[in-house]
Amino acid sequence: MFQNPVHNANAADPTVVRGADGTFHAFVTNAHSARDGVYRRTPMLTSRDLVHWTEGGDALAVRPAWIAEGPDTVWAPHAVRASVDGRDEFRLYFSGRRADTGSWGIGLAVADRPEGPYRADPEPIISGPTFEVIDPFVFTDADGRSYLYWGSAHKPIKGAELGADGRTLLGEPREVLQPSEAFGGHARLVEAFWVTRKGDKYVGTFSGDNTHNAHYSVMSAVSDSPLGPFTYQGDTPVVASTERFPGPGHSAIVTDDAGADWLLYHAYDGADRSKRVLMLDKIDWEGTLPTLNSGNGPSADPRPAPFIDARRGAALPSANTVPR
């Protein structure tokens, strides 16, 4: 059994990847550690069961030269486990504020192990004005083709095919999801896009409204193509605020060893706005529509935990492994 929050400390914008030994590695947005008070650009957490998390080091302890100095210049990482020439390569995409222009871009750092050390590229993959080029996500389809998505700042979510090196955009970016008045205005700002394939459809889960607003929520859209256009689905958000857990959002999807999908996301804990804690809830699929807790927001009572087979963990791929 488990009960939210699964990590009662700052863990905003979580992403998760699974190592060869079955351990889950999460990466979150910059924060001061609850363990030692140290500020980290990209804090790392580890877990064997998705429920009990241990704080680790900083994936970007060495600041890439293109990123501005100071706090709050790196946001929203996304981790991918790739296979390159028969060996694992762990790729960490991240949003960074440029030192030269003050605009935002998406960078890449790579490591041989999920815990690092990570080596950042000297330049970003893509840059743009304001913070519309943030929140990177990489989806790899069954045919092995990968796609990079990003977006925020009341602009459309964009996507482009990604080369095998994980850092080259193939073709011009396309607008895959437009901001909308859908879901009572929650989708006027859309960000934190995550793509899952269900049969021959592509489901995009994403967050909307302002991340520091109690109306921040997770919503979904569906498409016939990984590059859209995506159409909003459902009448209400997948998960929205409750009095106990306001502002749920910026989610990642991870699959347990029984094949069940789980949403890992952040939320505030009650009236405490000093931290965004780590949350976990099982996804129930109704065709292409994901639902959580019967539409009642984040769960707060004890629930059955994900099934993790310790005997088979090393042989099972991560939900976001790049099959190359």
Pop the C-beta distance of residue 236 and residue 285 into the FRET formula with R0 = 22 Å and round what comes out to the nearest 0.05. 0.85
Karplus (6.51, -1.76, 1.60) ³J(HN,Hα), θ = phi - 60°, over the stretch 48-63, in Hz, Gly and Pro reported as x: 9, 9, 6, 10, 9, 10, 10, 6, x, x, 10, 5, 10, 4, 9, 5
How would you rank 206-212, 112-118, 146-152, 35-41, highest first, on the average number of other Cβ atoms within 10 Å across their residues? 146-152, 206-212, 112-118, 35-41
Once residue 294 and residue 112 are pulled to full extension, the length gained, defined as 0.36 nm per residue separation minus their Cα-Cα distance, is 61.5 nm
Could you work out how much longer the chain between residue 310 and residue 180 gets when fully extended? Use 0.36 nm per residue separation minus the Cα distance between them, nm to one decimal. 42.5 nm
Highest to lowest packing among 216-225, 132-141, scored as the average C-beta count within 10 Å: 132-141, 216-225
Using modelled amide H (1.01 Å from N, peptide plane; none on Pro or chain starts), what sits under 5 Å from the amide H of residue 115, excluding residues fewer than 5 places away? none
Reference-scaled alpha-carbon Rg (2.2 N^0.38 Å with N residues) for the chain: 0.90
Listed residues 133, 22, 280: farthest to the positive end of the dipole of the chain (Cβ charges): 22
Charges at C-beta only: +1 for Lys and Arg, -1 for Asp and Glu. How large is the resulting dipole of the chain about its Cα centre, in Debye rounded to 20? 360
Once normalised by the length of the stretch 15-322, the mean sequence separation of its alpha carbon contacts under 8 Å that are 6 or more apart gives a contact order in percent of 13
Could you size up the charge dipole of the stretch 180-324 around its Cα centre, putting +1 on the beta carbon of Lys and Arg and -1 on that of Asp and Glu, and report it in debye to the nearest 20? 400
Mind jotting down the distance between the C-alpha centroids of the stretch 10-74 and the stretch 220-242, whole Å? 28
Relative contact order [Cα under 8 Å, 6+ residues apart], the stretch 162-297, whole percent: 17
Through the Karplus equation 6.51 cos²θ - 1.76 cosθ + 1.60, θ set to phi - 60°, convert the phi angles of the stretch 145-158 into ³J(HN,Hα) values in whole Hz; use x for Gly and Pro. 7, 10, 9, 9, 10, 7, x, 4, 6, 6, 9, x, 5, 10
Read phi for every residue in the stretch 250-264 and hand back ³J(HN,Hα) as whole Hz from Karplus 6.51 cos²θ - 1.76 cosθ + 1.60, θ = phi - 60°, with x for Gly and Pro. 6, 9, 10, 10, 9, 9, 7, 6, 9, x, 7, 8, 10, 9, 9
May I ask you to derive the relative contact order of the stretch 230-290, considering only C-alpha pairs under 8 Å and at least 6 residues apart, and to give it as an integer percent? 26
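None of the figures in this text is laboratory data; all of them are computed from the coordinates on show. What you see is a predicted model, and the numbers here were worked out from it, not measured in a lab. Counting neighbours? That spans all protein chains shown, and the Cβs are built from the backbone with ideal geometry, glycine included.
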